[in-house]
1. Looking at (1) modelled with pLDDT of 95 or more; (2) within 16 Å of the ligand (Cβ to nearest atom); (3) part of a loop (DSSP other than H, G, I, E, B); (4) of a type in the set (D, E, K, R), find the lone condition where residue 77 falls short.
2. Residues that are within 17 Å of the chain's Cα centre (by Cα) and surrounded by 20 or more Cβ atoms within 10 Å (Cβ to Cβ): find the helices (runs of 4 or more DSSP H) completely inside the stretch 114-179 holding 1 or more of those.
3. Being over 20 Å from residue 269 (Cβ atoms) and within 16 Å of the ligand (Cβ to nearest atom) is the filter here; which residues of the stretch 14-42 pass it?
4. Answer yes or no as to whether residue 62 is more than 16 Å from the ligand (Cβ to nearest atom), under 21 Å from the mean Cα position of the chain (by Cα), at pLDDT 95 or above and closer than 18 Å to residue 27 by Cα.
5. Condition first: of a type in the set (Lys, Arg), touching a residue at least 60 places away in the same chain (Cβ under 8 Å) and either at positive phi or away from the ligand (no atom under 16 Å from the Cβ) (or both). Can you find one or more residues in the stretch 43-53 that meet it?
6. Looking at the stretch 211-242, which of its residues are in a loop (DSSP other than H, G, I, E, B) and within 21 Å of residue 145 (Cα to Cα)?
7. How many residues, within the stretch 181-196, are in contact (Cβ under 8 Å) with a residue 24 or more places away in the chain and either assigned to a helix (DSSP H, G or I) or touching a strand residue (DSSP E or B) at 6+ places or on another chain (Cβ under 8 Å) (or both)?
Amino acid sequence: MSRPFDVVHAMRPGLLQLQSLPPLSLYVHLPWCIQKCPYCDFNSHEWRDNAQRMPEQRYIDALLADLEVSLPLIWGRPVHSIFIGGGTPSLFEPASIDRLISGIRARLPLEAEAEITMEANPGTFEKDRFKAFRAAGVTRLSIGVQSFNDAHLKALGRVHNSDQAMAAVTEAQSAFDTFNLDVMYALPGQSLADLTQDIQTALSFKPPHISIYHLTIEPNTLFAKHPPALPAEDDAYEMMDLITDMTSAAGLQRYEVSAYAKPGHRCWHNLNYWQFGDYLGIGAGAHSKLSFAHRIMRYVRYREPQLYLAQALQGEPLAV
Ligand code: SF4
């Protein structure tokens, strides 16, 4: 039995007295990937059924039904950023992303300059869609490059290679005014020289924003079961120092733990999380944090994509 949204419950009197509500963002989760990476603990699922396409249109229907039933919780509040994450959102057709963004625009008051970020992976067929994603209304692309080194990409279980990564970044440069590269360090077998080469390659594309993450072994991943040999802790610290020096020499300013940006290119959506803003999360397993005059409420959607799909289409996306 799923829990419906109880707006009256959220609005009841309480000890908290908020004079005004914080800024509001929307997060949209698209949960499928070509293949599960061995380090990944996100709510992402391999689309295994080769005989059938991903249920794209039904999933967009489910997202819009989810948004529709959530509207009373955020009635009239302007939205300043949308983040379409995953999973691999760039597996969805541009026409589906267009329908999703148009459906959101029809239901929510988006601010005029709203940032709309979408995550993309550097596979060849995805790269060929970047311009169409821009035309669909995506304003900022975040590309999951992770490394430009073929051996390290293989060790990470990624489905792309370094040529595809470089081609995708070149395409993003021409299609978008602003974009982000996701890069990882402290990879299995990575030396300081390897990392220098990787960061040099990344910076040669003059990214307005770069996110650099330390590879961590999360519970319930393949890497947790079969841990790879990782650089020693001291080497990882040295790598962090190198990253700090190289990004700052390239004019990128660190503005949160893993994010570096040129002036005017900070990610509003990231900042909203850091500044304790509100977010409505729709899609499988998405989390929300919403403020009301007298309390802050948190919600979570069904995590398993097919269950979420069925529940959201019935207007009951909330997990108990
Ligand atoms: S592509 Fe990203 S979301 Fe998908 S499995 Fe790999 S790390 Fe996880």
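1. All conditions are met except number (2).
2. 124-127, 130-135, 162-175
3. 32, 33, 34, 35, 36, 37, 38, 39, 40, 41
4. In short, yes.
5. No, the stretch 43-53 has no match at all.
6. Within the stretch 211-242, 215, 216, 217, 218, 221, 228, 230, 231 meet the criteria.
7. Qualifying residue count, the stretch 181-196: 10.
The values are calculated or read from the model by the stated rules, or taken from the named source; none is laboratory data. Keep in mind the model is a prediction, meaning the values are calculated, not measured. Here the Cβ is made from the backbone with ideal geometry for all residues, glycine too, and neighbour counts use every protein chain on show.
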